[in-house]
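Visitor: Got a structure here, written out as structure tokens. Questions coming.
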Amino acid sequence: TINNIFEYGSGQSTQYWLNNKKKVISIEHSNEFYGVTQSTLVGNVDYKLIEPEIQNEAQEYDPLSYKNYQSTRFKGYSFEKYVKFINSYNDEFFDTIVVDGRARASCMFHSISKLKPGGMLILDNSDRDYYLTDIKLLLDGWDEHVFRGSVRGLAHQEQTTIFVKPI
């Protein structure tokens, strides 16, 4: 039984989990999107806004590295607090973790220890190979299920991959 869900990035999937009587912890980086979404969520949800911060240190810009907490569309910003929020939970606490937000390589890295054995790590837009460039070796031995299909409002298909943590 899936009970505890963590989401990097919120939206329609958040309400899906809530409609199915799950406990959802969801974080959002966009103040505007958070404001719109917050009023629509109904159910057992802990919804947080964690905005990126201006990067103070001279760090090489490499959004593909899980060590940098960066996103391709936010050069000069750090998503470290956003990514590391999951660390406030015990290891193996979550049944499912959805990565559909910013700094996805970093989110994937921090999710691994927080996911229960047999749990699902869901990566949206996994057809963008660069999300997995620096992290794929850490998922060696995990079952991988790839889904492609139409997305409302888009003329092309998108891909989502579910990685199942070994038991």
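Visitor: For the range 1-57, I need the span (max minus min coordinate) of the C-alpha atoms along each principal axis, in Å, sorted largest to smallest.
Guide: Reported extents, whole Å, longest axis first: 44, 23, 14.
Visitor: Please enumerate, by chain and number, the lysines with C-alpha under 27 Å from the C-alpha of Lys165, excluding those fewer than 8 residues away in the same chain.
Guide: Lys21, Lys22, Lys23, Lys48, Lys67, Lys81, Lys84, Lys114, Lys116, Lys136
Visitor: Still on this structure: Report, for the chain, the % of DSSP beta bridges that are antiparallel, rounded to 5.
Guide: On the way: 15 of 34 bridges.
Percent antiparallel among DSSP bridges in the chain is about 45.
Visitor: Using θ = phi - 60° and the Karplus form 6.51 cos²θ - 1.76 cosθ + 1.60, what ³J(HN,Hα) does each residue of the range 22-29 get, whole Hz, x for Gly and Pro?
Guide: 9, 8, 10, 10, 10, 10, 10, 9
Visitor: Treating only the Cα positions of the chain as identical point scatterers, give the base-10 log of I(q)/I(0) from the Debye formula at each q in 0.10, 0.13, 0.17 Å⁻¹.
Guide: -0.35, -0.62, -1.09
Visitor: Let me ask something else. Could you tell me what percent of the DSSP beta bridges with both partners in the range 1-78 are antiparallel, to the nearest 5?
Guide: For the range 1-78, the DSSP antiparallel bridge percentage is about 15.
Visitor: Given an 8 Å cut-off on Cα distances and at least 6 residues of separation, report the relative contact order of the chain as a percent. Walk me through the numbers on the way to the answer.
Guide: Numbers: 346 pairs, mean separation 32.2, N = 167.
With pairs under 8 Å counted, the relative contact order is 19 percent.
Since every read-out is calculated from the coordinates, none of them should be taken as a lab result. In this text, all values refer to a predicted model and were calculated from it rather than measured experimentally.
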